[in-house]
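Trainee: To start, I am sharing the structure in question, which I have written as structure tokens.
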Ligand code: SF4
Ligand code: SF4
């Protein structure tokens, strides 16, 4: 019992810390593409500390506070289900559909809070976010179906184990197609350009986030960090072979090594997303919906059909 | 009728095809050295004759108020200083646009400017006094600028004694610059005994008021 709690705590702390580092990496890499220097890598941590130590806090009622907590809680729950190398609290139950669903829940929490603020910008942002969410479901569903068809299981842990035997998922053509579609979807899940329509800084002044300040924004920063960690971790688990290293005899070394391998894979996923975000301009919401229902859907559906043959 | 031909670039030559792959070219900057000046550690040299703060040659200024008349922001107020026969311009940097019209118009070239441009204060009454000064002579200003080369305002602190009307500039190199303000405006203040030279200016001042 105690061991499980400790494990969960470790996962939470590790996910938060690495997530903040990821946010720092995104900022540095984006800066380098723009030929700037960028902030130090720990900048997001400083930002969050600053936000959490603000004196005045605006609240618009119960749902406004609850929505944020709901988002943070859902993200933490998602992390618990995804196998992190050999460490995992609920990995036996971490099935694809559940995790995919849990990764979308935070968006709903943010929407709750945003809508209860009564700000029209937040309202517009929420509408756009919901439409983006609706649009990404189709390719996402097909990608998940392709995976489940290919491996014959919904369990993420078993998929990781199967990749130990048969090689990485992206090495197989049907799953490669699914991975491409999923990667395009990731862009919207991260809230990165070209699909950062719900946030849209400069267009609808931060969309749902427009009313948040102080502790609410600080919690959202933490949520964003954990979500970045969870989404990259999920992608590396199902498509990049996860991180199960059994080369060493000691189990501690194995754990550290698998965490390292996973970290490299996660950063690779993150870098691709950052590159795309830095070089492509934002889509309008109707273009994004059309795009997601066209190319990623076709690619993912093709993958699903090939996988079931 | 002479015929005129206009050259028009062809639409097809200007319009580029949209591309999915070309944006990836911009990743080439990823490993290049960033073009950034790390300001607290590196400095930049402002251009020669960059329009910065003013200098005033106290010996050649004739107090003609040409500068005060041309100033588009009305930032110049003439100031009577003890021991000086004529008023001197006092410049308010809260209003000044740094157009340097006043320097251009000055008939004796008494008013000049240097490249220093940095003046930041906190929101405190005594620090805000820094924004309102009678410029110091150019030699002194240049000397300070050459010593520090960080392009900051040469006065660190100003003290204005309300009773004695004595102003003290504490310059950055430690020296003090003291004078006494007797009054403002074009009319000589009652305290200073009007001298014949100044009487000539009085009618001019009244003209302006009408
Ligand atoms: S600075 Fe020049 S223009 Fe201004 S009062 Fe003195 S002499 Fe006249
Ligand atoms: S620089 Fe321009 S705005 Fe400033 S005092 Fe001279 S004339 Fe006025």
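Trainee: Just to verify a result, which residue in region A:264-284, among those that are part of a helix (DSSP H, G or I) and surrounded by fewer than 20 Cβ atoms within 10 Å (Cβ to Cβ), is farthest from the chain's Cα centre (by Cα)?
Mentor: A:279
Residues are listed down the side, and each one gets a yes or a no for (1) at pLDDT 90 or above; (2) within 16 Å of ligand 2 (Cβ to nearest atom); (3) exposed (fewer than 10 other Cβ atoms within 10 Å of the Cβ); (4) outside any loop (DSSP other than H, G, I, E, B):
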{"position": "B:1", "(1), (2), (3), (4)": "no, no, yes, no"}
{"position": "B:4", "(1), (2), (3), (4)": "no, no, yes, no"}
{"position": "B:8", "(1), (2), (3), (4)": "no, no, yes, no"}
{"position": "B:27", "(1), (2), (3), (4)": "no, no, no, yes"}
{"position": "B:38", "(1), (2), (3), (4)": "no, no, yes, no"}
{"position": "B:41", "(1), (2), (3), (4)": "no, no, yes, no"}
{"position": "B:69", "(1), (2), (3), (4)": "yes, yes, no, yes"}
{"position": "B:73", "(1), (2), (3), (4)": "yes, yes, no, no"}
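Trainee: Shifting gears a bit: Do the conditions hold for residue B:74, that is, is it touching a residue at least 12 places away in the same chain (Cβ under 8 Å), more than 14 Å from chain A (Cβ to nearest Cβ), within 30 Å of residue B:135 (Cβ to Cβ) and within 21 Å of the chain's Cα centre (by Cα)?
Mentor: Against the criterion (touching a residue at least 12 places away in the same chain (Cβ under 8 Å), more than 14 Å from chain A (Cβ to nearest Cβ), within 30 Å of residue B:135 (Cβ to Cβ) and within 21 Å of the chain's Cα centre (by Cα)), residue B:74 qualifies.
Trainee: For region A:198-226, how many residues are more than 16 Å from the chain's Cα centre (by Cα), touching a residue at least 24 places away in the same chain (Cβ under 8 Å) and not in a helix (DSSP H, G or I)?
Mentor: 7
Trainee: Then there's this: In region B:43-54, what count of residues is obtained for those that are surrounded by 14 or more Cβ atoms within 10 Å (Cβ to Cβ) and more than 10 Å from ligand 1 (Cβ to nearest atom)? Steps first, answer last, please.
Mentor: Taking region B:43-54 first, the residues surrounded by 14 or more Cβ atoms within 10 Å (Cβ to Cβ) are B:46, B:50-54.
Within this subset, residues satisfying the condition of being more than 10 Å from ligand 1 (Cβ to nearest atom) are B:46, B:50-53.
Count: 5.
Trainee: Which is more than 16 Å from ligand 2 (Cβ to nearest atom) and away from every other protein chain (no Cβ under 14 Å), of B:115, B:104, B:143?
Mentor: It is B:143.
Trainee: Quick check on my filter: what residues within region A:182-206 are more than 27 Å from residue A:300 (Cβ to Cβ) and either in contact with a helix residue (DSSP H, G or I) (Cβ under 9 Å, 6 or more places away or on another chain) or surrounded by 22 or more Cβ atoms within 10 Å (Cβ to Cβ) (or both)?
Mentor: Within region A:182-206, A:201, A:204, A:205, A:206 qualify.
Trainee: What tally of residues in region B:83-93 results from selecting those that are more than 10 Å from ligand 1 (Cβ to nearest atom) and either within 14 Å of chain A (Cβ to nearest Cβ) or more than 20 Å from residue B:141 (Cβ to Cβ) (or both)?
Mentor: 2
Trainee: Determine which member of the set B:85, B:90 is within 14 Å of ligand 2 (Cβ to nearest atom) and closer than 24 Å to residue B:188 by Cα.
Mentor: Unique residue meeting the criteria: B:90.
Trainee: In region A:90-110, what residues are over 17 Å from residue A:235 (Cβ atoms) and either modelled with pLDDT of 85 or more or buried (at least 23 other Cβ atoms within 10 Å of the Cβ) (or both)?
Mentor: Answer for region A:90-110, where residues must be over 17 Å from residue A:235 (Cβ atoms) and either modelled with pLDDT of 85 or more or buried (at least 23 other Cβ atoms within 10 Å of the Cβ) (or both): A:105, A:107, A:108, A:109, A:110.
Trainee: Quick one: is residue B:96 within 8 Å of ligand 2 (Cβ to nearest atom), outside any loop (DSSP other than H, G, I, E, B), buried (at least 16 other Cβ atoms within 10 Å of the Cβ) and away from every other protein chain (no Cβ under 14 Å)?
Mentor: Considered against the rule, which asks whether it is within 8 Å of ligand 2 (Cβ to nearest atom), outside any loop (DSSP other than H, G, I, E, B), buried (at least 16 other Cβ atoms within 10 Å of the Cβ) and away from every other protein chain (no Cβ under 14 Å), residue B:96 comes out as no.
Trainee: In region B:55-67, how many are part of a loop (DSSP other than H, G, I, E, B) and either within 16 Å of ligand 2 (Cβ to nearest atom) or exposed (fewer than 14 other Cβ atoms within 10 Å of the Cβ) (or both)? Working first, answer last.
Mentor: Going residue by residue through region B:55-67, those that are part of a loop (DSSP other than H, G, I, E, B) are B:57-65.
In the following step, the residues that additionally are either within 16 Å of ligand 2 (Cβ to nearest atom) or exposed (fewer than 14 other Cβ atoms within 10 Å of the Cβ) (or both) were identified as B:57, B:59-61, B:63-65.
Residues meeting the conditions: 7.
Trainee: I'm checking my understanding of the structure. Among residues of region A:1-36 that are closer than 20 Å to residue A:271 by Cα and out of contact with any helix residue (DSSP H, G or I) (no Cβ under 7 Å at 6 or more places or on another chain), which one is surrounded by the most Cβ atoms within 10 Å (Cβ to Cβ)?
Mentor: Ranking the qualifying residues of region A:1-36, first place goes to A:21.
Trainee: Please go through region B:101-113 and give me each residue that is crowded, with 17+ Cβ neighbours inside 10 Å and part of a loop (DSSP other than H, G, I, E, B), ordered by number.
Mentor: Correct list: B:106, B:110.
Trainee: Is it the case that residue A:45 is more than 14 Å from chain B (Cβ to nearest Cβ) and exposed (fewer than 13 other Cβ atoms within 10 Å of the Cβ)? Before you say what the answer is, go through the steps one by one.
Mentor: Numbers: more than 14 Å from chain B (Cβ to nearest Cβ): yes; exposed (fewer than 13 other Cβ atoms within 10 Å of the Cβ): no.
No; evaluated as a whole, the condition is false for this residue.
Trainee: So, in region B:101-121, exactly how many residues are under 10 Å from the mean Cα position of the chain (by Cα) and away from ligand 1 (no atom under 12 Å from the Cβ)?
Mentor: 4
Trainee: Applying the selection to region B:31-54, what residues are over 27 Å from residue B:104 (Cα atoms) and either within 14 Å of another protein chain (Cβ to nearest Cβ) or without any contact (Cβ under 8 Å) to a residue 12 or more places away in the chain (or both)?
Mentor: B:31, B:32, B:33, B:34, B:35, B:36, B:37, B:38, B:39, B:40, B:41, B:42
Trainee: Among (1) under 27 Å from residue A:264 (Cα atoms); (2) modelled with pLDDT of 85 or more, there is one condition residue A:159 misses while meeting the rest; what is its number?
Mentor: Status for residue A:159: all satisfied but (2).
The values are calculated or read from the model by the stated rules, or taken from the named source; none is laboratory data. Predicted, not measured: the structure shown is a model, and the values here were computed from it. Counting neighbours? That spans all protein chains shown, and the Cβs are built from the backbone with ideal geometry, glycine included.
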